[in-house]
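Contents: one structure, followed by commentary.
The values are calculated or read from the model by the stated rules, or taken from the named source; none is laboratory data. No experiment lies behind these values; they were computed from the predicted model shown. Note: ideal-geometry Cβ built from the backbone for every residue, glycine included; neighbour counts use all protein chains shown.
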Amino acid sequence: MVSKTIGATAMHKTNSIIMHAPRAEIFRTAANLELWPKFLPHYRYIKYLERGADRNVVIMGATRSGIPISWVSEQVIDREKFEVRFHHLKAFTKGMLVVWTFQETPAGVLVEIAHDLNFRVTALAPLAEPIIGDFFIHHIANRTLQCMKAYLETKGKNCAA
């Protein structure tokens with residue numbers, strides 16, 4: 001994980017992993033939110049508010065060490081750039097931008113999730129960043145990458161809960 005504070009009120013977190021599966025298959029799996037609760041044990045649900053070929057608005061529900069959390073996000077699937085982007089629309093992470101990228105490397109496909117958030121309440125940013133960024137975002141993004149890797153590399157075997 002790369003973690004850097006871009007100022008007193010901004011946060012940037014990056015999680016990445018190498019996956020050994022075709023880039024297109026990894027991209028399709030990351031973009032297909034309907035599948036996530038089937039192979040990501042920490043995702044409780046994905047509910048579609050709007051659905052389209054390249055854009056969705058969803059309520060995402062996950063857990064972090066038994067703590068339930070949820071958020072509303074706009075998902076944009078950019079097949080040309082091989083990116084899956086999310087814009088958080090509500091809750092504590094309102095305004096956060098999340099970008100999934102998929103880069104071919106000699107070692108495999110580098111899958112990276114970058115989270116960028118400008119905290120709305122500047123006075124609370126020093127307190128919120130370790131909780132939102134380190135405790136929730138880092139943990140959930142890492143678990144998502146690990147379980148997606150296991151699912152893709154073992155032909156559908158799920159990650160342990």
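General observations
- Strands (runs of 3 or more DSSP E) completely within segment 65-161 that count 2 or more residues being in contact (Cβ under 8 Å) with a residue 40 or more places away in the chain and not hydroxyl-bearing (Ser, Thr, Tyr): 67-78, 97-105, 108-118
- Residues located in segment 41-98, provided they are out of contact with any strand residue (DSSP E or B) (no Cβ under 8 Å at 6 or more places or on another chain), surrounded by 13 or more Cβ atoms within 10 Å (Cβ to Cβ) and over 20 Å from His12 (Cβ atoms): Pro41, Arg79
- Residue satisfying condition, being touching a Gly at 6+ places or on another chain (Cβ under 9 Å), within 29 Å of Lys81 (Cα to Cα) and among the aliphatic types (A, V, I, L, M), within set Leu117, Leu152: Leu117
- For segment 136-150, a tally of residues being under 10 Å from the mean Cα position of the chain (by Cα) and farther than 19 Å from Phe27 by Cβ returns 5.
- Any hit, segment 124-136, residues being surrounded by fewer than 14 Cβ atoms within 10 Å (Cβ to Cβ) and charged (D, E, K, R): no
- Residue count for segment 24-60, restricted to those that are more than 18 Å from His87 (Cβ to Cβ) and among the small types (Gly, Ala, Ser): 1
- Just one of the listed residues (Thr122, Thr101, Thr93) is polar (S, T, N, Q) and either at pLDDT 95 or above or under 13 Å from Ser16 (Cα atoms) (or both), and it is Thr101.
- Residues in segment 31-64 that are of a type in the set (A, V, I, L, M) and not in a strand (DSSP E or B) were compared, and the one that is farthest from Phe135 (Cα to Cα) is Ala53.
- Any hit, segment 100-114, residues being more than 14 Å from the chain's Cα centre (by Cα), under 23 Å from His42 (Cβ atoms) and of a type outside the set (Gly, Ala, Ser): yes
- Boolean, Val57 is without any contact (Cβ under 8 Å) to a residue 60 or more places away in the chain and closer than 30 Å to His20 by Cα: yes
- Residue that is under 15 Å from Asp78 (Cβ atoms), buried (at least 16 other Cβ atoms within 10 Å of the Cβ) and touching a residue at least 40 places away in the same chain (Cβ under 8 Å), where the choices are Ala21, Ala30: Ala30
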